[in-house]
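Enquirer: Pasting in a structure now, in structure tokens, and then I'll have a few things to ask.
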Amino acid sequence: MKSPLLSLPGAVPAEGVDEGVAAHYGELFREQRALADGAGFVDLSHRGVITVTGDDRLSWLHLLLTQHVSDLPAGQATEALILSAHGHIEHALYLVDDGETVWAHVEPGTQDALVAYLESMKFFNRVEVADRTAEFAVVHLPAGSIAEVPDGVAVRETQYGRDLFLPRADLEAYAEKSGPPAGILAYEALRVEHHRPRLGFETDHRTIPHELGWIGTAVHLQKGCYRGQETVARVQNLGKPPRRLVFLHLDGSEVHLPAPGTEIRLADEDPDGRKIGFITTSVRHHELGPVALALVKRNVPVEARLLAGDTAAAQEAVVEP
């Protein structure tokens, strides 16, 4: 859905999966610094919004999600995954229960498939699932923000800030009093700084939660059965994941950032040597310079010098080998 905030001065449209909101409003680093200082907001109105209502909503979701939500207190934010039967990540949900309704936002364009799956699993449970994307827009307020939250708006508050499920009709009016706006590139730069994985960016068709550090934050290891749990338990108890997420400091002398999918090799090997990983997200950070998240083979030494395409890179472990 195309955001009305693209009409704000300086707005440059985002591309790809984030199409529909602003990439930036003309000053990328200023926007990043504002968010880091707790000022401004980010228009995430392109994200999908779903709700689950009914007396059985939490106990029912508890059976489907990787997170322990059967006793989720009202107002407490959490995140959860839906896995395939083989334990591969299919959906990521960022949710909160307001006491009557579970609100969740998801990656743009994934809500249809998610709702279809949830509908197929209702059986005799007293639940109603709805796609509310056309009615509600997600707005992110950074940590430390003192911006007003309108009465009656569902809020998902974490250490990184607050996600508001704002009536879409109120988006423009809210933006007028909550500026300055920051684009999705600024939001993504801080996400990468905090080593936070994103579905469709850090994941592919075979990603399991252990590879991205989602154990604990999105996967609860002491809850009951859910689809894909066997893989989670087996890797947790008997082995290691085949890949691991790393944070890369990239050579700042390069003009262009290595694009997602850029192959990573060991710098000390032949230029045509074996591929040991790939870039998932690369950004320019207002303090750290060019940085990236990447997936590499688990046994790659943490101290190894890497090449992302032709760009030198030094790694920090996000998931330990």
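Enquirer: Of these, 198, 234, 191, 227, which one is in contact with a Lys or Arg (Cβ under 9 Å, 6 or more places away or on another chain) and closer than 25 Å to residue 62 by Cα?
Expert: Exactly one residue qualifies, and that residue is 198.
Enquirer: Could you count how many residues in the range 14-51 are farther than 15 Å from residue 142 by Cα, over 17 Å from the mean Cα position of the chain (by Cα) and of a type in the set (A, V, I, L, M)?
Expert: The qualifying residues number 2.
Enquirer: Another question about this same structure. Of the residues 6, 83, only one is aliphatic (A, V, I, L, M) and more than 30 Å from residue 243 (Cβ to Cβ); which?
Expert: Of 6, 83, the one residue that is aliphatic (A, V, I, L, M) and more than 30 Å from residue 243 (Cβ to Cβ) is 6.
Enquirer: Are any of the residues in the range 288-305 touching a Ser or Thr at 6+ places or on another chain (Cβ under 9 Å) and not in a strand (DSSP E or B)?
Expert: No, the range 288-305 has no match at all.
Enquirer: Something else: So which residues in the range 186-223 are closer than 24 Å to residue 6 by Cα and either of a type in the set (D, E, K, R) or more than 13 Å from the chain's Cα centre (by Cα) (or both)?
Expert: 186, 188, 191, 198
Enquirer: Separate question: Within the range 303-321, track down each residue that is touching a Pro at 6+ places or on another chain (Cβ under 7 Å) and either free of Cβ contacts under 8 Å to residues at least 24 places away in the same chain or closer than 11 Å to residue 248 by Cβ (or both). Working first, answer last.
Expert: Of the residues in the range 303-321, the ones touching a Pro at 6+ places or on another chain (Cβ under 7 Å) are 308-309, 311.
If the condition is that a residue be touching a Pro at 6+ places or on another chain (Cβ under 7 Å) and either free of Cβ contacts under 8 Å to residues at least 24 places away in the same chain or closer than 11 Å to residue 248 by Cβ (or both), then 308, 311 are the ones that fit.
Enquirer: Here's another thing I want to ask about it. Return the residue satisfying two criteria in turn: it lies in the range 164-223 and is aromatic (Phe, Trp, Tyr) and open to solvent by less than 20 Å² (accessible area, probe 1.4 Å), and of such residues it is nearest to residue 66 (Cα to Cα).
Expert: Among those residues, the one meeting the criterion is 214.
Enquirer: Return a yes/no flag: does the range 297-313 have any residue that is within 26 Å of residue 36 (Cα to Cα) and open to solvent by 60 Å² or more (accessible area, probe 1.4 Å).
Expert: In the first step, residues of the range 297-313 are kept if they are within 26 Å of residue 36 (Cα to Cα); the result is 313.
Checking which are open to solvent by 60 Å² or more (accessible area, probe 1.4 Å) leaves us with none.
No.
Enquirer: Still on this structure: I'd like the full set of residues that are surrounded by fewer than 16 Cβ atoms within 10 Å (Cβ to Cβ) and touching an Asp or Glu at 6+ places or on another chain (Cβ under 7 Å), limited to the range 279-296.
Expert: 288
Enquirer: Spot the failing condition for residue 126; the list is (1) part of a helix (DSSP H, G or I); (2) closer than 21 Å to residue 53 by Cβ; (3) open to solvent by 60 Å² or more (accessible area, probe 1.4 Å), and only one is missed.
Expert: Going through the list (1) part of a helix (DSSP H, G or I); (2) closer than 21 Å to residue 53 by Cβ; (3) open to solvent by 60 Å² or more (accessible area, probe 1.4 Å), residue 126 breaks only (1).
Enquirer: While we're here: For the range 55-72, check the following and say yes or no: at least one residue is under 20 Å from the mean Cα position of the chain (by Cα) and part of a strand (DSSP E or B).
Expert: The answer is no; no qualifying residue exists.
Enquirer: A further question follows. Picking from 173, 182, which residue would you name as being touching a residue at least 12 places away in the same chain (Cβ under 8 Å) and among the small types (Gly, Ala, Ser)?
Expert: After applying the criteria, what remains is 182.
Enquirer: Looking at residue 270, is it within 25 Å of residue 302 (Cα to Cα) and over 15 Å from the mean Cα position of the chain (by Cα)? Give the derivation first.
Expert: Details: within 25 Å of residue 302 (Cα to Cα): yes; over 15 Å from the mean Cα position of the chain (by Cα): yes.
Here the answer is yes, as residue 270 does meet what is asked.
Enquirer: Something else now. Can you tell me which residue among 116, 173, 137 is under 26 Å from residue 192 (Cα atoms) and of a type in the set (Gly, Ala, Ser)? Before you say what the answer is, go through the steps one by one.
Expert: On the way: 116 fails: under 26 Å from residue 192 (Cα atoms); 173 fails: under 26 Å from residue 192 (Cα atoms).
Residue meeting the stated conditions: 137.
Enquirer: Select from the range 252-278 the residues that are open to solvent by 60 Å² or more (accessible area, probe 1.4 Å) and not in a strand (DSSP E or B) and list them in ascending order.
Expert: 253, 254, 255, 256, 260, 268, 269, 270, 271, 272, 274, 275, listed by residue number.
Enquirer: Same structure, new question: For residues that are in a strand (DSSP E or B) and either buried (at least 16 other Cβ atoms within 10 Å of the Cβ) or at positive phi (or both), tally how many sit in the range 141-163.
Expert: The first filter runs over the range 141-163 and keeps only residues in a strand (DSSP E or B), leaving 141-142, 154-158, 161-163.
Filter once more, keeping what is either buried (at least 16 other Cβ atoms within 10 Å of the Cβ) or at positive phi (or both): 141-142, 154-157, 161-163.
Qualifying residue count, the range 141-163: 9.
Enquirer: Out of 102, 138, report the one residue that is surrounded by 21 or more Cβ atoms within 10 Å (Cβ to Cβ), in a strand (DSSP E or B) and free of Cβ contacts under 8 Å to residues at least 60 places away in the same chain.
Expert: Numbers: 138 fails: free of Cβ contacts under 8 Å to residues at least 60 places away in the same chain.
Answer to the selection: 102.
Enquirer: With the requirement that a residue be surrounded by fewer than 21 Cβ atoms within 10 Å (Cβ to Cβ) and in a helix (DSSP H, G or I), what does the range 1-33 give you?
Expert: 4, 6, 7, 16, 17, 18, 28, 29, 30, 33, listed by residue number.
The values are calculated or read from the model by the stated rules, or taken from the named source; none is laboratory data. Keep in mind the model is a prediction, meaning the values are calculated, not measured. So basically every Cβ, Gly included, is an ideal-geometry build from the backbone, and we count neighbours across all protein chains shown. To get the accessible areas, we keep the full protein, side chains included, count just its heavy atoms, and leave off ligands, DNA and RNA. Shrake-Rupley method; radii C 1.70, N 1.55, O 1.52, S 1.80 Å.
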